[in-house]
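Report on one structure; see the data block that follows.
The values are calculated or read from the model by the stated rules, or taken from the named source; none is laboratory data. These numbers were taken from a predicted model, which means no experiment stands behind them. Virtual Cβ from ideal backbone geometry, glycine too; neighbours counted across all protein chains shown. Just the protein is used for accessible areas: all its heavy atoms, side chains included, with ligands, DNA and RNA removed. Shrake-Rupley method; radii C 1.70, N 1.55, O 1.52, S 1.80 Å.
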2 protein chains.
Amino acid sequence: MSYAQKVKEHAAKSSDASDITTIEAARAEVAALKELFGNLNTSSAGVGRQSVTVDNYPRWFRKSDSRSCMTKEDYAKYCNIVGPRGYTFDQAIQCGIDTRSSTGMAIPDEESYHLWRGWYDKMIFQRHGFPAGAIHPCDLDYSKIDTSKVPKNLNDYCVSTRIRAARNISGFGMPPGTTRGERRAVEAIVKEGLATLTGELAGKYYSLTDMSKAEEDSLQADHFLFQKPNPSAMISGCGGCRDWPDARGIYHNKDKTFLVWVNEEDQMRIISMQPGGDVFQVFKRWVDAANAIAKVVSGKGMKFMTDPHAGMLSSCVSNLGTGLRASMHIKLPNIIKLLTQEGLESFCSKIRMACRGTGGEHTAAGSDGKVDISNNDRLGKSEVTLVQIMIDGVTKLINFEERIAAGEGAAVAKEMNAQTQIA
Amino acid sequence: MSYAQKVKEHAAKSSDASDITTIEAARAEVAALKELFGNLNTSSAGVGRQSVTVDNYPRWFRKSDSRSCMTKEDYAKYCNIVGPRGYTFDQAIQCGIDTRSSTGMAIPDEESYHLWRGWYDKMIFQRHGFPAGAIHPCDLDYSKIDTSKVPKNLNDYCVSTRIRAARNISGFGMPPGTTRGERRAVEAIVKEGLATLTGELAGKYYSLTDMSKAEEDSLQADHFLFQKPNPSAMISGCGGCRDWPDARGIYHNKDKTFLVWVNEEDQMRIISMQPGGDVFQVFKRWVDAANAIAKVVSGKGMKFMTDPHAGMLSSCVSNLGTGLRASMHIKLPNIIKLLTQEGLESFCSKIRMACRGTGGEHTAAGSDGKVDISNNDRLGKSEVTLVQIMIDGVTKLINFEERIAAGEGAAVAKEMNAQTQIA
């Protein structure tokens, strides 16, 4: 029986000492308690965490989903429910107090997702507008993508296209809650699995600890390699950067059009990217890679962490569901001149897109009007739907851009300002 | 009976299920286990931390006492012994992996000090050369201080004098392991207690959260107020800066010659300081303050965390024992010119003193040759002894400084270079 199963069984019982009537039952209860609390098996001291009370409730949250919807009652309900990695609810909310996390909450492992389910349901609704009990759809059939309306001269505007999503393997903690041993086991499994990929996906794994300075500098300069997250990032505030760079690394194919980040914010971030705007090719490669990795994982008798409601689990509530971000770096100087970057961002958010500078969140557009445009949703819509939203949005924006160049600025401004929020 | 007491009692027993022969004993054992593992009382899920194995051993430590003396056997022995605040041995060593801590180890609370005692004994010996079982002396009798040899013109050299030491109240976690509720309770107790002080010690408590920007800037400019420790500090790496600035603050008297830092690296840092070199007055004020605070604490039925071997407990192994640092900012331009700052530092370490720039560790002396000189030891010698070491060392250094000015540079250099390490 799995540990999670034992936990469920134990939860179903509510015996206390006075219920015990036979010596056999008593011995069984003592043995069960001692086994559940592994401390007792290995330590002569036999101590465990004591409960906290609602006195321990944070005095504030920084601006985040946690601040928007947490109550003392939520806290009281979950603050003493501790999963197998000993990671507490307090540790999970700490990033909402000490960092600039927009969610203000981590998911340390699959067990805690289930143990704190009521709270995550509430938070997911706050973040994604996705109601408790709703089933998240998954669709990786890239043949459904419609690129027929994309302008033929797309590459005059689009510099590059990128799709990424997270995957985590069931049975191991995610970065916030993982142990060192689990982190290394995940790295070994992923490294071994990726080594079996062939064709376009064939490549090599580079461990962050073994990488030469030259390799590291070159990968970072080209924006392929992740860096250690800064202390104000969510993943730092929830313990996800412990032991950095131990057991982190990057896999890429020869052309660097397919990459896997290992043990950064998630166990895996699968990335497909290339210059220009051929989103079909980028998405197809991403799906092929995700399927190939899933096959490798299932070949080892393992599976990804998934849930009917939350889809693919991730360290961050913002990345539940598909965890998919499809983005283009695209030049829209006329729109920005007409509406400012803020105006463009506002329009994008209404059509469920996100727009930012290519340096990341809260950065300015380049002097050539280059911005990063992506789908805004992650959960409740399928991968195919999200990529299509990105394609349609970009098509619309390029159309506006060209009309402004053709002297229709006033009409375009009116049209963009009149855009209402779509569902 | 206190929780710590219960832990000790439980540690003394090693019963397992098969030892139980009567129903009463069984019920008692079940009740004791359920009480110790508070999770069961408050959570319907009834889950607890599972054991980790030696696979979880860190791949490296940064340069620190932990790196110097930890073995996999030490780790295996303590990695699953968890105290009442759920703070793990892994959390305590994390600062040795991720930060520039010179110890590489935190002490989260009194219970964990006892639970991990074998390891702390080893580490204390590594850090302080103080063997397991040895009794730490305490002596606050300031009348024993001998300042008769201090040069009359001390203030020509000495800019200021400062003495500080840590105090933590038993029953509450120290900053690395404390809960939010405990941290606030400590703040309330300390604030209330300090408000009863009279005479020279009378002053006011300023909470970091309530302080005006002007008050904060003014206190920081004068080096009275602590700042949020940076992410590479030991206290950041062990969780001691969670919820910053909640429940932190500073008390000071009218002249700012007596200060108490609350919930920075320790629950309390008691500080006495003033311009010039009157170390007797500074030490007397410090002792009066420490005694007055002890009286307030005992008046509330509480006591400081102390141990016959480790003296006053502190978050940091480096501050065990007295936790006392007596320092002077003193101008020694001739010595630095003759021997370099490195040479001065080396000489100081041989006479059990520490020397650094006045900007803190690893900073350079001022252009006027101003350095910060302090006692180097904390544990195994009494407060009186440590202050006397500082006085005698400074007296010796000023003597050298004056002899160099009088043209005896060659003789002084020879003498200083010939200094051997004293015990």
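Being on the phi > 0 side of the Ramachandran plot and either without any contact (Cβ under 8 Å) to a residue 40 or more places away in the chain or over 19 Å from the mean Cα position of the chain (by Cα) (or both): is that true of A:GLY239 here?
Here the answer is no, as A:GLY239 does not meet what is asked.
Among the residues in segment B:205-215, are any surrounded by fewer than 19 Cβ atoms within 10 Å (Cβ to Cβ), modelled with pLDDT of 95 or more and within 14 Å of chain A (Cβ to nearest Cβ)?
yes
What pairs come up if the first residue lies in segment B:280-305 and is over 30 Å from B:SER148 (Cβ atoms) and in a loop (DSSP other than H, G, I, E, B), the second is modelled with pLDDT of 95 or more and open to solvent by less than 20 Å² (accessible area, probe 1.4 Å), and their beta carbons are under 6 Å apart, counting only those six or more places apart or on different chains?
Correct list of pairs: B:MET302/B:ILE169; B:MET305/B:ASN168; B:MET305/B:LEU313.
Suppose we filter B:GLY104, B:GLY46 for residues that are on the phi > 0 side of the Ramachandran plot and at pLDDT 85 or above; which single one remains?
B:GLY104
Do you know which residues across segment B:193-224 are over 13 Å from B:ARG248 (Cα atoms) and touching a helix residue (DSSP H, G or I) at 6+ places or on another chain (Cβ under 8 Å)?
B:GLY193, B:LEU194, B:THR196, B:LEU197, B:GLU200, B:LEU201, B:GLY203, listed by residue number.
Taking the residues in segment A:92-116 that are facing another protein chain (nearest Cβ under 9 Å) and within 20 Å of B:ASP243 (Cα to Cα) as candidates, determine which candidate is most open to solvent (accessible area, probe 1.4 Å).
A:ASP98
Looking at (1) in contact (Cβ under 8 Å) with a residue 24 or more places away in the chain; (2) of a type outside the set (A, V, I, L, M); (3) assigned to a loop (DSSP other than H, G, I, E, B); (4) open to solvent by 50 Å² or more (accessible area, probe 1.4 Å), find the lone condition where A:GLY407 falls short.
(1)
Tell me the residue from B:LEU379, B:LEU386 that is hydrophobic (A, V, I, L, M, F, W, C), touching a residue at least 40 places away in the same chain (Cβ under 8 Å) and assigned to a helix (DSSP H, G or I), please.
Going through B:LEU379, B:LEU386 in turn, the sole match is B:LEU386.
Taking segment A:331-343 on its own, how many of its residues are crowded, with 18+ Cβ neighbours inside 10 Å and out of contact with any Ser or Thr (no Cβ under 9 Å at 6 or more places or on another chain)?
7
State all residues of segment B:171-204 that are open to solvent by less than 40 Å² (accessible area, probe 1.4 Å), of a type in the set (D, E, K, R) and out of contact with any Gly (no Cβ under 6 Å at 6 or more places or on another chain); if no residue qualifies, say none.
Residues satisfying the conditions are B:ARG180, B:ARG183, B:GLU187.
Somewhere in segment B:148-170, is a residue part of a helix (DSSP H, G or I), open to solvent by less than 20 Å² (accessible area, probe 1.4 Å) and among the β-branched types (Val, Ile, Thr)?
Looking only at segment B:148-170, we keep the residues that are part of a helix (DSSP H, G or I), and these are B:154-156.
Now drop any that are not open to solvent by less than 20 Å² (accessible area, probe 1.4 Å), which leaves B:154.
Now drop any that are not among the β-branched types (Val, Ile, Thr), which leaves none.
Checked against the condition, which is being part of a helix (DSSP H, G or I), open to solvent by less than 20 Å² (accessible area, probe 1.4 Å) and among the β-branched types (Val, Ile, Thr), segment B:148-170 yields no hits at all.
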